[in-house]
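Below: the structure, in structure tokens.
The values are calculated or read from the model by the stated rules, or taken from the named source; none is laboratory data. Every value quoted in this text rests on a predicted model; they were computed, and no experiment measured them. Neighbour counts run over all protein chains shown; Cβ positions are idealised from the backbone, glycine included.
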Amino acid sequence: MSGARAAGADPAWASPSQLGWVAPHVASEFPGLGITWIEVDGRRRRSSNQVRRRLRDVSDRFFGSQAIHMRERPIPWAYRVFFRQIGLDPDRTRTPIEQLALERLQEGAFLSRGTPTDALTIATIETGVALRAFDAERLEGKLCIRDSAPGETLPGRSRELAQGTLTVADERTPVSLLFGEAAESCEVGKGTRRMAVAAVQVNGVPQVAADEALWIAAAAIEAS
Amino acid sequence: MQELLDRDTFVGVRVKDDERLARTELRRQIGRLERDLIHLAGEAFPRLAIDTTVPAAAQGPRLIGLGELERVRDALASRVAMAREALAEREELEVANRELLERMLAEPAEFKWVQISRADLGEPGCGHWHSRPRLGLLGMLMGWWRVRISSGCPLSGRLAAVEQATAG
């Protein structure tokens with residue numbers, strides 16, 4: 001990731017972001033859909049003062065009217081459109097940035113929930129890009145976006161995925177719904193030592209925005 | 001894994017080229033309608049709450065078929081039409097209220113006790129114009145009417161100013 005290198009950041013997480021793949025039949029239906037991720041050393045823990053201060057700054061810059069008009073901005077709008085296109089109602093199953101905006105309005109601030117949640121919150125609010133964090137050591141090979149095969153489940157979850165459900169998967173199994181719950185075994189937990197932060201791009205979300213989101217999230221995890 | 005990569009159709013959905021084109025076109029229309037709807041909701045805020053919900057076509061994220069895409073498109077189109085209508089009605093009402101206010105300011109005695117709020121004119125803040133008699137009962141008996149202007153809640157004004165300054 002050039003942004004990370006330009007900032008002279010710690011080489012531990014300044015490795016280039018990696019491009020995942022999208023199943024060809026899914027890509028042909030949804031041009032612009034993509035997944036990019038970056039790996040960073042980090043544990044689930046209380047966020048540092050620096051990250052919590054940054055979260056407060058982001059919180060103080062966010063007002064109610066912005067939550068309404070935010071949806072008119074290109075990136076949040078792109079996610080809303082994509083949600084409609086994959087059968088979700090973004091006013092019920094909220095896009096990541098709208099979910100955060102709603103929580104900000106309900107709770108009066110972006111409350112600190114520790115690493116990596118705070119890092120993802122900061123990066124998502126700053127860029128609008130949807131991010132997920134996984135335990136990097138539990139993933140096998142490259143991440144991808146594909147539809148589920150018959151009989152597949154999310155590891156650790158008992159419910160079978162409906163055929164054709166869009167998922168984020170590694171080379172072995174789905175690790176989360178495209179937007180929604182994650183496999184229990186791949187979530188960041190107490191034993192996590194290295195995290196994979198993934199950005200899901202949809203049509204209208206430029207690569208530079210995804211890279212920026214990953215850079216911000218990785219920097220915040222590193223600072224925790 | 002290879003089986004998943006090689007598969008060129010979704011389970012249960014037979015993909016034909018013309019159907020794929022139709023789905024692409026429907027997705028484009030959904031995108032345009034969503035933009036219109038969100039723009040209308042933004043324009044109406046905070047005067048009017050525009051309902052932007054459209055029933056979900058699926059239980060989870062998945063490729064939805066032509067029929068479901070059409071239903072989403074139609075529901076969105078209906079929401080956009082309703083939003084335009086509601087906004088037009090609201091604007092008509094605000095224009096009528098502005099005209100009423102002008103007449104009230106010119107002839108307060110003709111509009112005894114009438115109160116028009118800033119919200120009635122589509123303006124932010126909680127101030128209002130109120131046609132009241134000067135000197136209370138005496139003014140009522142003598143026909144001395146005037147329009148009093150309330151500047152509204154000072155706190156909301158300050159918060160709005162801070163918000164505007166930050167946005168600017």
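Structure above, values below:
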quantity: Condition check for A:Ile145: at pLDDT 90 or above and within 14 Å of chain B (Cβ to nearest Cβ); calculated: yes
quantity: Segment A:99-131, residues that are away from chain B (no Cβ under 13 Å) and outside any helix (DSSP H, G or I); calculated: A:Gly108, A:Ala109, A:Phe110, A:Leu111, A:Ser112, A:Arg113, A:Gly114, A:Thr115, A:Pro116, A:Gly128, A:Val129, A:Leu131
quantity: B:Arg103, sole failed condition from (1) within 14 Å of chain A (Cβ to nearest Cβ); (2) of a type outside the set (Asp, Glu); (3) surrounded by fewer than 17 Cβ atoms within 10 Å (Cβ to Cβ); (4) touching an Asp or Glu at 6+ places or on another chain (Cβ under 9 Å); calculated: (1)
quantity: Residue list for segment B:109-149, restricted to those being closer than 30 Å to B:Glu43 by Cβ and assigned to a loop (DSSP other than H, G, I, E, B); calculated: B:Val114, B:Arg118, B:Gly122, B:Glu123, B:Pro124, B:Gly125, B:Cys126, B:Gly127
quantity: Filtered residue count, segment B:30-49, keeping only those that are under 22 Å from B:Pro124 (Cβ atoms) and either crowded, with 20+ Cβ neighbours inside 10 Å or aromatic (Phe, Trp, Tyr) (or both); calculated: 4
quantity: A:Gly164 vs. criteria surrounded by 20 or more Cβ atoms within 10 Å (Cβ to Cβ), modelled with pLDDT under 90 and within 8 Å of chain B (Cβ to nearest Cβ); calculated: yes
quantity: Leading residue by the ranking (nearest to the chain's Cα centre (by Cα)) among those in segment B:91-108 that are in a helix (DSSP H, G or I) and among the acidic types (Asp, Glu); calculated: B:Glu91
quantity: Residue within segment A:185-205 that is more than 14 Å from the chain's Cα centre (by Cα), of a type in the set (Gly, Ala, Ser) and closer than 28 Å to A:Arg73 by Cβ present; calculated: yes
quantity: Check on B:Ala75, surrounded by 15 or more Cβ atoms within 10 Å (Cβ to Cβ), assigned by TED's automatic domain parsing to the domain that holds B:Ala22 and closer than 30 Å to B:Arg20 by Cα; calculated: yes
quantity: Candidate set: segment B:22-75, residues that are acidic (Asp, Glu) and more than 9 Å from chain A (Cβ to nearest Cβ); chosen: the one nearest to the chain's Cα centre (by Cα); calculated: B:Glu43
quantity: Single residue of B:Arg79, B:Arg90 found to be of a type in the set (Lys, Arg), within 21 Å of B:Gly31 (Cα to Cα) and in contact (Cβ under 8 Å) with a residue 40 or more places away in the chain; calculated: B:Arg79
quantity: Test result for A:Asp118, acidic (Asp, Glu), within 29 Å of B:Val54 (Cα to Cα) and surrounded by 17 or more Cβ atoms within 10 Å (Cβ to Cβ); calculated: no
quantity: Residue count for segment A:13-35, restricted to those that are outside any loop (DSSP other than H, G, I, E, B) and within 13 Å of chain B (Cβ to nearest Cβ); calculated: 8
quantity: Residue satisfying condition, being under 27 Å from B:Ile64 (Cα atoms) and either assigned to a helix (DSSP H, G or I) or touching an Asp or Glu at 6+ places or on another chain (Cβ under 9 Å) (or both), within set A:Ala162, A:Ala220, A:Ala210; calculated: A:Ala210
quantity: Residue ID - nearest to the other protein chains (Cβ to nearest Cβ), chosen from residues in segment A:36-86 that are part of a strand (DSSP E or B) and not hydroxyl-bearing (Ser, Thr, Tyr); calculated: A:Trp37
